[in-house]
1. Averaged per residue, what accessible area in Å² does the stretch 83-215 show with a 1.4 Å probe, protein chains only?
2. Can you give the accessible area per residue of the stretch 224-302, in Å², using a 1.4 Å probe?
3. Restricting things to Cα coordinates, could you compute the convex hull volume per residue of the stretch 100-165 in Å³?
4. Can you compute the FRET efficiency between LEU178 and VAL312 using 1/(1 + (r/R0)^6), with r the Cβ-Cβ distance and R0 = 51 Å? Round to the nearest 0.05.
5. Per residue of the stretch 114-122, what does 6.51 cos²θ - 1.76 cosθ + 1.60 with θ = phi - 60° give for ³J(HN,Hα)? Whole Hz please, x for Gly and Pro, Karplus curve as stated.
6. Structure shown: which of LYS235/LYS304; LYS157/LYS203; LYS259/LYS290; LYS170/LYS283; LYS170/LYS235; LYS283/LYS304 lie over 26 Å apart, alpha-carbon to alpha-carbon?
7. With the full set of protein chains in place, find how many percent of the accessible area of the stretch 242-301 is carbon and sulfur; take the probe as 1.4 Å.
8. In Å and on Cα atoms, what radius of gyration and Dmax does the stretch 240-317 show?
Amino acid sequence: MQEYSKMTTDKIFLSYMHLISSKEGEEIYRLNEPAGEGIMRHTHIANGVELVYSELEEQNPTLQEEQKAFDMLEIMYIVDGHAEFELANRHFVSGEKGDVMIFNSQSAVRRTVLGKSGMNCISLILFTEDAILFLNDFLQTKTFSKEIFFPSIRSSKGVMTICGSELLEKLFLETIKLPSIYSKFKTKLCITQIILNLMEICKKNESLKNGQNDLEGKELKESSDLYFSGTTGRKVQNVRRLINANLENEISIEVLSQKVNLNRTTMQKVFKEMYGLTVNEYKTKARIQKAKNLLATTDFSITKISSLCGYVNASKFSEVFKKQEGILPKDFRKEI
């Protein structure tokens, strides 16, 4: 058993944060320059299992070399806001409110860009060996091992993004509720449910990767909408998922509103409130992000990339790309 997991986590925090307060197994930190601006609340759950709630206004990548020394995962649920991450392998991945992002110790984020209002998120830090021991002990089993504990994610240099569900949202939010007499037990139960739920989702989606080991920051979808609620917010989240799944196609506002059974005007208004962008602005940003990934990782022609990103011709694509990124696609590729 790696008894040093909490000590290691505390050391990592203290190396780029300032401890504000500490009580009953919980520490509150303020980020120090140049790490960024914001507050993080760290709670030790068990050996190998740490819980962190963050309110970030700005964040800069730090301590990549230290993190690479450990077999660990960070499972991040975005409570509010959004962020874009540029990885060391030149892949780009973004997360929005309601998304779950899974990083491993090799993911190596080179640059992080938060939305205007920053980002609030809940993270589970899992040290593989100890986290497996925790699951086996908590569930009184010997079922869990390294072979089934997120194997493809742990060996990847990318980041996995999973569209959240009502169930995952409830479980994550339960971990940061005000303390009660049974909070410690309920938190462990919720964390166990989160891990099992995500392991199941990842297992079901392995066939989509066609044997590729590099996840390339791709977004995976749950195989079932069992926990998808009918509220307006959830329907608008589904609009974003539909856009991301069909970037090569042109889906009109009218069709999107029909697919999620939501009034067009309401859909547009709530989408702007939730993501700070109109539907079309978001679609453009998502397409350009996909284009950046393709430019960085393939030798596809600009014409083919423009088609894969939903543009009818390369000149229009180049015009939009330059407006968004300040550089032409061909020059972006040359820089890389």
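The values are calculated or read from the model by the stated rules, or taken from the named source; none is laboratory data. Because the structure is predicted, anything quoted here is derived from the model rather than measured. Using ideal geometry, Cβ is built from the backbone for each residue, glycine included, and neighbour counts are taken over all protein chains shown. When the accessible area is computed, the model is the full protein with side chains, heavy atoms only, and any ligands, DNA or RNA have been set aside. Shrake-Rupley method; radii C 1.70, N 1.55, O 1.52, S 1.80 Å.
1. Per residue, the stretch 83-215 has an accessible area of 45 Å².
2. 49
3. Measuring per residue, one finds 119 Å³ for the Cα hull of the stretch 100-165.
4. For R0 = 51 Å, the calculated efficiency reads 0.45.
5. Calculated HN-Hα couplings, in order: 8, x, 4, 8, x, 8, 10, 8, 10 Hz.
6. Check vs 26 Å cut-off fails for LYS235/LYS304; LYS170/LYS283.
7. Exposed carbon and sulfur together represent 46 percent of the surface.
8. Cα radius of gyration and Dmax of the stretch 240-317 are 13.7, 42 Å respectively.
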